[in-house]
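The values are calculated or read from the model by the stated rules, or taken from the named source; none is laboratory data. Given the structure is predicted, the values throughout are model-derived calculations rather than measurements. Neighbour counts are summed over all protein chains in view; Cβ atoms, including those assigned to glycine, are modelled from backbone coordinates with ideal geometry. Heads up: the accessible areas ignore ligands, DNA and RNA and are worked out on the full protein's heavy atoms, side chains in. Shrake-Rupley method; radii C 1.70, N 1.55, O 1.52, S 1.80 Å.
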Amino acid sequence: MRWRNTSVFVAGLAVCLLVTGCSSSSTNSDSGSGDGSTTTGSVKLTGSGASFPFPLYDRWFKEFSRANDGVKVDYQAKGSGAGIKDFTNGTVDFGASDAAMSDEEIAAVSQGVQLLPMTAGEVVLAYNLPGVSELKLSRDAYIGIFLGKVTNWTDPAIVEANPGVKLPDQDITVVRRADSSGTTYVFTQHLSAISEDWANGPGTGKTVVWPSSDKFVASPKNDGVTATITQTPGAIGYIEYGYAKLTKLAMASLQNKAGNFVLPSLESGQAALSNVEMPADLRAWLPDPPGEQAFPIVSYTWLLCYKKYDDPQKAEVLKSMVKYCLTEGQKVSDEMGYVPLPADVVEKVTAALDSIQ
């Protein structure tokens, strides 16, 4: 019954996403006549990968398509692992991943790879506790929850940080990703950075070995995890901030490196990004950002582009699309639950487009 209900909820969530400009794939067959037309012919770009940025990518790609005659962009949110696989196999024109490709993965692509950070987002811990509108989780508490050591909402590790909050005497249901996921990579990278037990146990990866417990439930993609949390009282799981914001899920304040409890927001995301310098290869990680008001789990997310395309026109349309996302697209990032790129990062990403031919 749990999975049947999840399927029904996911279908409902998809309708909600569609109404707000988001869906399970980004397609647009409109041939608009707006400014910024890039081609007089018909060009279709296909991509796949991360679900973390999907609501924002879906909006960007549809708006870009509408503004350009004959252009259609089709993006399938399969998860970062599947996106890297499709990109490596050459079955798409671009991929997307919340885990930047490794040197070994890049070496496997004969056409060359240009990684482009496009936006940033926060991985939040969303929960379903009726009557509990505010929840603080210390590092010990949320590490313990995901290690399967903190198993009840009245555990002292949780109660201590929440004086005056009436927490239910209820088992904790942990919802985690079922697929190969960049969101999982970002989350487990953070846990590895702050916990030796985690680093020496599950470790960091797009997939990891989770504790063996019937209280750990696996769901596919960000929307699947969101759906399962929503329909499961007592649940907690990690999802991208935009999904929690859209569905009005409660989000925990997390203890950051400075020891402060911080809610996810545009401001706390920007505070985290402000402490990171983007390197020449455009692969920047924030496993545990410093800063008094920095949210502790923040990541860039990348488009995966080839350096050499067989079709020059397709390469030019792709570059025009990226430029749109870096300019007009950044203006809607905050309302969609994402952190706009800092100006210096936009400049570096724009310059990197020269490597795509």
Equivalent-ellipsoid semi-axes (√(5λ), Cα gyration tensor) for the stretch 203-357, whole Å, largest first?
31, 20, 16
Under 5 Å between amide H atoms, partner at least 5 residues away or on a different chain: which partners does S181 have, H built in plane at 1.01 Å?
G81, T207
Note: E196 to A343 extended length (0.36 nm per residue) minus current alpha-carbon separation gives 49.4 nm
Computed over the stretch 122-274, protein heavy atoms only, probe 1.4 angstrom, the accessible area per residue in square angstrom equals 39 Å²
Mind checking the angle between helix 343-352 and the chain's longest principal axis? C-alpha axes, 0 to 90 degrees, to the nearest 10.
50 degrees
May I ask you to order 133-141, 262-270, 274-282 by the average number of other C-beta atoms within 10 Å around their residues, highest value first?
262-270, 133-141, 274-282
Gained length - I106 relative to V159, 0.36 nm times residue gap less alpha-carbon distance
14.5 nm
Size descriptor, Kirkwood hydrodynamic radius, that averages inverse alpha-carbon separations across the stretch 122-274, Å:
15.5 Å
Members of K257/K308; K62/K248; K206/K319; K257/K319 lying beyond 30 Å, as alpha-carbon distances in this model show:
K257/K308; K257/K319
What distance in nm separates the simple spin-label points at E267 and K44, each placed 7 Å from Cα in the Cβ direction?
4.7 nm
Tell me what the chain gives for mean residue ellipticity at 222 nm when only DSSP H runs of n ≥ 4 count, each as -39,500 (n - 2.57), the sum divided by the residue total, rounded to 500 deg cm²/dmol.
-10000 deg cm²/dmol
Calculate one ³J(HN,Hα) per residue across the stretch 52-63 by plugging θ = phi - 60° into the Karplus curve 6.51 cos²θ - 1.76 cosθ + 1.60, and present them in order as whole Hz with x for glycine and proline.
3, x, 3, x, 6, 4, 4, 5, 4, 5, 5, 5
Nearest 10 degrees, 0 to 90: what angle lies between the long axis of helix 312-326 and the longest principal axis of the chain (Cα atoms)?
40 degrees
Determine the distance separating the Cα centre of the stretch 141-175 from the Cα centre of the stretch 295-357; give it in Å without decimals.
39 Å
Amide H to amide H, which residues 5 or more places from N152 or on other chains are under 5 Å from it, using H placed in the peptide plane?
I172
With a Cα-only, solvent-free Debye model of the stretch 191-273, what are the log10 I(q)/I(0) values at q = 0.15, 0.21, 0.26, 0.27 Å⁻¹?
-0.72, -1.28, -1.31, -1.30
Over the stretch 35-156, the quotient of the Cα radius of gyration and 2.2 N^0.38 Å is 1.47
Below 8 Å, C-alpha to C-alpha, sequence gap of six or more: please give me the relative contact order for the stretch 122-274 in percent.
37 percent
Out of residues 5 or more away from V217 or on other chains, whose amide H comes under 5 Å of its own, with H placed 1.01 Å from N in the peptide plane?
V174, V175, R176
Between 0 and 90 degrees, rounded to the nearest ten: what's the tilt of helix 221-230 against the longest Cα principal axis of the chain?
30 degrees
Roughly to the nearest percent, how much of the accessible area of the chain is carbon and sulfur, given a 1.4 Å probe?
50 percent
With all protein chains in place and a 1.4 Å probe, M336 shows an accessible area in Å² (nearest 10) of 30 Å²
Vicinal HN-Hα couplings computed from phi for the stretch 81-89 (Karplus, 6.51 cos²θ - 1.76 cosθ + 1.60; Hz; Gly/Pro x)
x, 5, x, 5, 5, 4, 5, 5, 7
Peptides 151-158, 253-260, 302-309 ordered by average Cβ neighbours within 10 Å, highest first:
302-309, 253-260, 151-158
Using a Förster distance of 30 angstrom, determine the FRET efficiency expected from the C-beta separation of Q313 and E277, and round it to 0.05.
0.25
Go through the stretch 270-283 residue by residue and turn each phi into a ³J(HN,Hα) via Karplus (6.51, -1.76, 1.60, θ = phi - 60°); whole Hz please, and just put x for glycine and proline.
5, 4, 5, 5, 5, 9, 10, 8, 6, x, 4, 7, 6, 10
